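Notes follow once the structure below has been shown.
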Amino acid sequence: MKVLVATDGSEHSMKAVQRALELAEKQQAQVTLMSVAYYAKDYFDDMPPYVQDKLEAEAAEVLKKAKAIFDAKNIQVGAVLEAGLVPANNIIRKAEEDKFDRIIIGSSGVHGLGKLLMGSTAAKVVAHAPCEVTVVR
């Protein structure tokens, strides 16, 4: 079973990481962690590079933290860092392209302006995913 885990470092998304670890331990699932930096290079060419770097560094730190959970159990895990205006689109595209069997995502993530503008990432993933979706609270 191939599992894609979307994480933004929030409490619920880290619970999703933990659920994926359980699947890897019990069912030998192949797990890939994914974090999306909240911007799109194509649309924000004029965005100051230090802002892009900061957003990418934050997403990379989230992946590092999630990967450490797998490393502590000596379980192999993949990691993907992307940038996008609507993280759900990145998650759905990745699941389609790499033919994942399941997506695991937290029920709510980082709050703030991004959430107001984009709506619920989890809800969009559930509505449009090409595979089974597990939403973790």
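The values are calculated or read from the model by the stated rules, or taken from the named source; none is laboratory data. From a predicted model like this one, the values you see are computed outputs, not experimental measurements. As a convention, Cβ positions derive from the backbone with ideal geometry for all residues, glycine included, and neighbour counts pool all protein chains shown.
Structural remarks
- Residue in the range 27-47 that is assigned to a helix (DSSP H, G or I), of a type outside the set (Gly, Ala, Ser), out of contact with any Lys or Arg (no Cβ under 8 Å at 6 or more places or on another chain) and modelled with pLDDT of 95 or more present: yes
- When residues of the range 46-74 are limited to those that are touching a Leu at 6+ places or on another chain (Cβ under 7 Å) and among the hydrophobic types (A, V, I, L, M, F, W, C), the one surrounded by the most Cβ atoms within 10 Å (Cβ to Cβ): Ala66
- Inter-residue pairs, beta-carbon under 7 Å, first exposed (fewer than 12 other Cβ atoms within 10 Å of the Cβ) and in the range 93-118, second modelled with pLDDT of 95 or more and part of a strand (DSSP E or B), 6+ apart: Lys99/Lys2
- Taken over the range 14-30, residues that are buried (at least 24 other Cβ atoms within 10 Å of the Cβ) and in contact with a helix residue (DSSP H, G or I) (Cβ under 8 Å, 6 or more places away or on another chain) amount to 1.
- Within the range 90-124, restricting attention to residues that are closer than 26 Å to Gln27 by Cβ and of a type in the set (A, V, I, L, M, F, W, C), the residue that is modelled with the lowest pLDDT is Ala122.
- Test: residue in the range 77-84 that is more than 12 Å from the chain's Cα centre (by Cα) and of a type in the set (D, E, K, R): no
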